[in-house]
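The values are calculated or read from the model by the stated rules, or taken from the named source; none is laboratory data. Note that the structure is predicted; figures quoted are calculated from it, not measured. Ideal geometry is used to build each Cβ from the backbone, glycine not excepted, and the neighbour counts take in all protein chains shown.
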């Protein structure tokens, strides 16, 4: 990896990092969807996997638009979150399905919050670099990820998953 000399280099490194994060998040989100018992949760996770694939494609387009290969980075942060999601929502032994569904929501939201933070930071840098089109794409990715996160909160709280897990 070449030295990061300025904000543009840092921005492009971040785009590649988020591409890697999305790439790692898709399979575990699909695994979480397969394990979910609550129908609304399963559907929301399937939609989130699609949204994450879309985000990954957007990061790839942004990297290419700046002459970069999006696959040139490995996100260790998401690697850790994926490991934790599998450990705490898929591999753990649960007394009942409702408790596992609550764990699935919590682990998914950790993945989503990483992406929200990444998109938000990149959007701020894109604006500073006068990359208006990039900022627009990143704003859309942020909004989509927030929506998925909010859906999970609704399913947990209003949808009764947390109450059922008592």
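Some notes on this structure:
- Restricting the first member to segment 1-16 and to residues that are without any contact (Cβ under 8 Å) to a residue 24 or more places away in the chain, and the second to residues that are in a helix (DSSP H, G or I), the beta-carbon pairs closer than 7 Å and six or more apart or on different chains are 4/10; 4/13.
- Candidates 10, 41, 32 - the one that is assigned to a helix (DSSP H, G or I) and surrounded by fewer than 16 Cβ atoms within 10 Å (Cβ to Cβ): 10
- For residue 78: the one exception among (1) in a helix (DSSP H, G or I); (2) within 22 Å of residue 43 (Cα to Cα): (2)
- Residue satisfying condition, being under 21 Å from residue 13 (Cβ atoms), modelled with pLDDT of 95 or more, in a helix (DSSP H, G or I) and touching a helix residue (DSSP H, G or I) at 6+ places or on another chain (Cβ under 6 Å), within set 124, 115: 115
- Looking only at residues of segment 148-166 that are part of a helix (DSSP H, G or I) and touching a residue at least 60 places away in the same chain (Cβ under 8 Å), we find that the one that is farthest from the chain's Cα centre (by Cα) is 164.
- Candidate set from segment 134-146 (those that are free of Cβ contacts under 8 Å to residues at least 40 places away in the same chain and out of contact with any helix residue (DSSP H, G or I) (no Cβ under 7 Å at 6 or more places or on another chain)); member that is nearest to residue 21 (Cα to Cα): 143
- Selection count, segment 128-138, where residues are surrounded by 16 or more Cβ atoms within 10 Å (Cβ to Cβ) and assigned to a helix (DSSP H, G or I): 4
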